[in-house]
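A.B. asks: Have a look at this one.
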Amino acid sequence: LLASSIKSYGLNDYKTAEVRGFRAMALQKLGRKDEARKEFESAIAVLVDPGKSLGGAESSAFRAQRLQGILNAYLHLLVGPDAQRNPKDTAEAFRIADVVRWQSVQKAVSGSALRSAAGTPELGAKIKTLQDNEDELQAVYKNLIAQRSAPPDKQLPTVIAAMEKRIEAIQKEQAQALADIRRQFPKYDALVNPRPADFGTARQALLPGEALLSIYVTDAGTYVWAAPGGSAGGPDAGLQFHFSPKPKAWLAEQVKRLRDAVDLTTGVSPDRMKFDVEAAHAIYQEFLAPVEGAWAKGDTLLVVANDALGQVPFSMLVTNEAPAKAEPGLPLSHYRQTPWLLRKAAISYLPSISTLVTLRSVASSKAQRSPFIGFGDPDFGQHTSAASVVSRGTRNLKVSQAPKFDEVKLGIDSADSVSTAAQVAAAAVVEVPELAALPDTRDEITAIANALSADLSKDTFFGAQATPQSVISANLKSRRIVAFATHGLVAGDLPGLDQPALALSPAPGKDIYSGLLKLEEVLKLSMDADLVVLSACNTAASDGSGSEAVSGLVRGFFYAGSRSVLATHWPVETVSARQLVTHLFERYSKVEGLSRAKSLQRAMLEVLDKEVAKDGRGTAVNAYAHPAYWAPYALYGDPGR
């Protein structure tokens, strides 16, 4: 097959390199490791070369899956349990692991970096249009493949012809726009297809006091790298490596135990809240402790993790299994004695190493920007659930059902209607959902606005004003911090919803879907924000099945132009959430030189060590020391300077 591919496509073609990668995997299985290594090296040099990447319909999840299989096999050869490891191979494996992550998330980050680097708003807008056209092209390709794959009697020739015509038009528009961009912006190609970061590049991006922790989970085991900031020593100085043979099933079980231990949807009474210290310590001991010497001296830990580890905020890992002794006083206060990782370091999360390099290659904005804009307490109108969340409840997604839609007859006569046909069809036969009101989110947005000295009359949008259109029409490029306090939805939370979304106020007389700010709208926003706050359930949750550990909404806001995103891993308790974000922004706005990550760490510790829950009469009922209250918030992206 390799000989045939070389003859048909050439020695350095992407397809040939892919076949060479498969041959390397076969040689590895046969125990011919030296031969396998040479084939891997030749194949991967082409496979990760941005200039060799395939476009059009071949830019698919299937190609990414094949590449991931090749790269994972090479990782196992370099630093697996049977490998004779050396510093050079450890550093090369570090780069290869990031290639896998980079394939799925780099585009979301490089989009905003490109527009910032372009130099002029006009050129930046042209680049954004080119990026949007590429997204549309991929969507039309996907629908075209689905149509052509359908049985002949189910195919729609008119729709197929319309999609083919649209593809041709987009490609012509792209060719012309690309020629203009390249003429005005010679660095475009180097920036749009950056090579994944090697260890030396990654370490140069770290600031003093920062340390990097990269964890890559595969079916064959888990690879862990850690390094301190600073450039002293040789190219691989400071890099420590650990391989864990623990199976994925073991990790999934520990993560499930931890997620169950912080689930507030069944109630927040102390008798139901026993934290699983054993599982929290097991994860720390298995993945972080073996490389502690490389990261422990830093005060800010930058974490890149995937699979099930994307579902766990590392701040609630336990560094010592010794249980905290029960003490007199408030229930849950004994968790103040637990040795949380939070006490050792502030933590920020990255979808890939390249993300940090890209974000920090963009100069800090010098434009005059207002401090804040916030959207909260949306009015769901007739779609508000009768079982609304009360002021001291959990900000959880509660969906009840209203009467069914009338039957909808579908008419598909253009390419544009194909992408929404499935949603319309689903909506035609299901019941209308209702969402619980979130009156406490008004207080949270107001607290942030006050901490940042914002103008409440101009910078906050509540009730019927908190609509997707208000977000889209706002000049977000002139705001340093953008906040949303509402329900966060993932695909499937509502019937027919096929992408992440934030629930805002629907248009008068319209269904609940008209109030959703979906990922596709987020990708079209233009921002210059230091931080986007997503104070909503599920915004950071990852299903653990992909190579990235950041939700679509977070990636979407990176793409739109934010340097960092604050998201939540699970439904938050309303009072502690308001206290935490208030502490966070009071510190961030008033303490000179305090980074976003350190501000979040101090706010978490404030809630953990000092705040308490009170009943309706103001009597303290329990401490907020349990991680269910302070740990859900996670900072993604650049931790700040």
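The values are calculated or read from the model by the stated rules, or taken from the named source; none is laboratory data. Everything numeric in this text was worked out from a predicted model, so none of it was measured. Please note: Cβ atoms are built from the backbone with ideal geometry, for glycine as well, and neighbour counts cover all protein chains shown. Note: areas computed on protein heavy atoms with side chains; ligands, DNA, RNA excluded. Shrake-Rupley method; radii C 1.70, N 1.55, O 1.52, S 1.80 Å.
A.B. asks: Could you identify the single residue in Ala91, Ala161 that is open to solvent by 50 Å² or more (accessible area, probe 1.4 Å), aliphatic (A, V, I, L, M) and at pLDDT 90 or above? It would help to see each step written out before you state the result.
C.D. replies: On the way: Ala91 fails: open to solvent by 50 Å² or more (accessible area, probe 1.4 Å).
Within the list Ala91, Ala161, the selection yields Ala161.
A.B. asks: Within the set of pairs 6 or more residues apart or between chains, which connect a residue that is under 18 Å from Leu489 (Cα atoms) and touching a residue at least 60 places away in the same chain (Cβ under 8 Å) inside region 433-448 to a residue that is open to solvent by 10 Å² or more (accessible area, probe 1.4 Å) and part of a helix (DSSP H, G or I) with Cβ atoms less than 6 Å apart?
C.D. replies: Glu434/His383
A.B. asks: Here's another thing I want to ask about it. Going through Val572, Val565, Val554 one at a time, which residue ends up being buried (at least 23 other Cβ atoms within 10 Å of the Cβ), modelled with pLDDT of 90 or more, out of contact with any Ser or Thr (no Cβ under 6 Å at 6 or more places or on another chain) and not hydroxyl-bearing (Ser, Thr, Tyr)?
C.D. replies: Details: Val572 fails: modelled with pLDDT of 90 or more; Val554 fails: modelled with pLDDT of 90 or more.
Every option except Val565 fails the conditions.
A.B. asks: Only residues that are assigned to a loop (DSSP other than H, G, I, E, B), surrounded by 24 or more Cβ atoms within 10 Å (Cβ to Cβ) and touching a residue at least 60 places away in the same chain (Cβ under 8 Å): list them for region 495-506, please.
C.D. replies: Residues satisfying the conditions are Leu504, Ser505.
A.B. asks: Please work out which residue is modelled with the lowest pLDDT, limiting yourself to region 335-366 and to residues that are open to solvent by 50 Å² or more (accessible area, probe 1.4 Å) and touching an Asp or Glu at 6+ places or on another chain (Cβ under 9 Å). It would help to see each step written out before you state the result.
C.D. replies: Keep residues of region 335-366 that are open to solvent by 50 Å² or more (accessible area, probe 1.4 Å), which gives 336-337, 343-344, 361, 363-364, 366.
Within this subset, residues satisfying the condition of being touching an Asp or Glu at 6+ places or on another chain (Cβ under 9 Å) are 336-337, 344, 364.
Values: Arg336: 94, Gln337: 92, Lys344: 95, Ser364: 64.
The qualifying residue modelled with the lowest pLDDT is Ser364.
A.B. asks: Right, next: Search region 114-144 for residues being modelled with pLDDT of 85 or more and either among the aliphatic types (A, V, I, L, M) or open to solvent by 70 Å² or more (accessible area, probe 1.4 Å) (or both), and hand back the single one that is nearest to Ala560 (Cα to Cα). Spell out how you get there, then give the answer.
C.D. replies: Just the residues of region 114-144 that are modelled with pLDDT of 85 or more, to begin with: 140, 143-144.
Remaining after also requiring either among the aliphatic types (A, V, I, L, M) or open to solvent by 70 Å² or more (accessible area, probe 1.4 Å) (or both): 140, 144.
Values: Val140: 22, Leu144: 27 Å.
So the residue we want is Val140.
A.B. asks: While we're looking at this one, here's another question. Can you name the number of the only condition in (1) open to solvent by 30 Å² or more (accessible area, probe 1.4 Å); (2) at pLDDT 90 or above; (3) at positive phi that Gly492 fails?
C.D. replies: Here Gly492 clears every test but (2).
A.B. asks: Additional query: Of all residues in region 220-263 being among the aliphatic types (A, V, I, L, M) and open to solvent by 10 Å² or more (accessible area, probe 1.4 Å), which is modelled with the lowest pLDDT? Walk me through it before giving the result.
C.D. replies: Initial filter on region 220-263 (among the aliphatic types (A, V, I, L, M)): 220, 224, 226-227, 232, 237, 239, 249, 251-252, 255, 258, 261-262.
Those still in the list that are open to solvent by 10 Å² or more (accessible area, probe 1.4 Å) too: 220, 232, 237, 239, 249, 252, 261.
Details: Ala220: 91, Ala232: 54, Ala237: 64, Leu239: 89, Ala249: 95, Ala252: 94, Ala261: 92.
The selected residue is Ala232.
A.B. asks: While we're looking at this one, here's another question. Consider only pairs whose beta carbons are under 6 Å apart and that are at least six residues apart or on different chains; among these, list those whose first residue lies in region 236-258 and is within 26 Å of Gln84 (Cα to Cα) and whose second residue is open to solvent by 60 Å² or more (accessible area, probe 1.4 Å) and charged (D, E, K, R).
C.D. replies: If the second residue must be open to solvent by 60 Å² or more (accessible area, probe 1.4 Å) and charged (D, E, K, R), no pairs are left.
A.B. asks: Further question: Which residues, taken from region 464-489, are open to solvent by less than 10 Å² (accessible area, probe 1.4 Å) and of a type in the set (Gly, Ala, Ser)? I'd like the intermediate steps shown before the answer.
C.D. replies: The first filter runs over region 464-489 and keeps only residues open to solvent by less than 10 Å² (accessible area, probe 1.4 Å), leaving 466, 471, 476, 481-489.
Ala466, Ala483, Ala485, Gly488 - these are the residues of region 464-489 that are open to solvent by less than 10 Å² (accessible area, probe 1.4 Å) and of a type in the set (Gly, Ala, Ser).
A.B. asks: Let me ask you something else. Mind checking which residues of region 264-285 are over 22 Å from Leu330 (Cβ atoms) and surrounded by fewer than 19 Cβ atoms within 10 Å (Cβ to Cβ)? I'd like the intermediate steps shown before the answer.
C.D. replies: Of the residues in region 264-285, the ones over 22 Å from Leu330 (Cβ atoms) are 265, 278-279, 281-285.
The answer is Thr265, Glu278, Gln285.
A.B. asks: Restricting attention to region 600-631, and to residues there that are open to solvent by less than 50 Å² (accessible area, probe 1.4 Å) and in contact with a Lys or Arg (Cβ under 6 Å, 6 or more places away or on another chain), which single residue is nearest to Arg336 (Cα to Cα)?
C.D. replies: If we take residues in region 600-631 being open to solvent by less than 50 Å² (accessible area, probe 1.4 Å) and in contact with a Lys or Arg (Cβ under 6 Å, 6 or more places away or on another chain), then Ala625 is nearest to Arg336 (Cα to Cα).
A.B. asks: Suppose the filter is open to solvent by less than 50 Å² (accessible area, probe 1.4 Å) and modelled with pLDDT under 80; does Val192 pass it? Working first, answer last.
C.D. replies: On the way: open to solvent by less than 50 Å² (accessible area, probe 1.4 Å): yes; modelled with pLDDT under 80: yes.
It is true that Val192 is open to solvent by less than 50 Å² (accessible area, probe 1.4 Å) and modelled with pLDDT under 80.
Matching residues to (1) among the polar types (S, T, N, Q); (2) modelled with pLDDT of 95 or more:
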| position | (1), (2) |
| --- | --- |
| Ser5 | yes, no |
| Tyr9 | no, no |
| Asp13 | no, no |
| Val19 | no, yes |
| Arg23 | no, yes |
| Leu30 | no, yes |
| Phe40 | no, yes |
| Ile44 | no, no |
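A.B. asks: Does Leu608 satisfy the condition of being in contact with a Phe, Trp or Tyr (Cβ under 9 Å, 6 or more places away or on another chain), part of a helix (DSSP H, G or I) and either over 20 Å from Val532 (Cα atoms) or in contact (Cβ under 8 Å) with a residue 24 or more places away in the chain (or both)?
C.D. replies: Working: in contact with a Phe, Trp or Tyr (Cβ under 9 Å, 6 or more places away or on another chain): yes; part of a helix (DSSP H, G or I): yes; either over 20 Å from Val532 (Cα atoms) or in contact (Cβ under 8 Å) with a residue 24 or more places away in the chain (or both): yes.
Answer is yes for this residue.
A.B. asks: Restricting attention to helices (runs of 4 or more DSSP H) lying wholly within region 1-52, give those where 2 or more residues are under 23 Å from Leu77 (Cα atoms).
C.D. replies: On the way: elements: 2-9, 14-29, 33-47.
Correct list: 14-29, 33-47.
A.B. asks: Are any residues in region 264-294 in contact with a Leu (Cβ under 8 Å, 6 or more places away or on another chain) and over 25 Å from Trp250 (Cα atoms), and if so, which ones?
C.D. replies: Answer for region 264-294, where residues must be in contact with a Leu (Cβ under 8 Å, 6 or more places away or on another chain) and over 25 Å from Trp250 (Cα atoms): Pro270, Ala294.
A.B. asks: Residues to consider are Ala634, Ala577, Ala597; find the one that is open to solvent by less than 10 Å² (accessible area, probe 1.4 Å), within 26 Å of Pro371 (Cα to Cα) and modelled with pLDDT under 90.
C.D. replies: Details: Ala634 fails: modelled with pLDDT under 90; Ala597 fails: modelled with pLDDT under 90.
Selected residue: Ala577, the only one of Ala634, Ala577, Ala597 that is open to solvent by less than 10 Å² (accessible area, probe 1.4 Å), within 26 Å of Pro371 (Cα to Cα) and modelled with pLDDT under 90.
A.B. asks: Would you be able to say whether some residue in region 498-515 is modelled with pLDDT under 90, aliphatic (A, V, I, L, M), out of contact with any Ser or Thr (no Cβ under 9 Å at 6 or more places or on another chain) and within 16 Å of Gly381 (Cα to Cα)?
C.D. replies: Scanning region 498-515, I find at least one residue that is modelled with pLDDT under 90, aliphatic (A, V, I, L, M), out of contact with any Ser or Thr (no Cβ under 9 Å at 6 or more places or on another chain) and within 16 Å of Gly381 (Cα to Cα), so the answer is yes.
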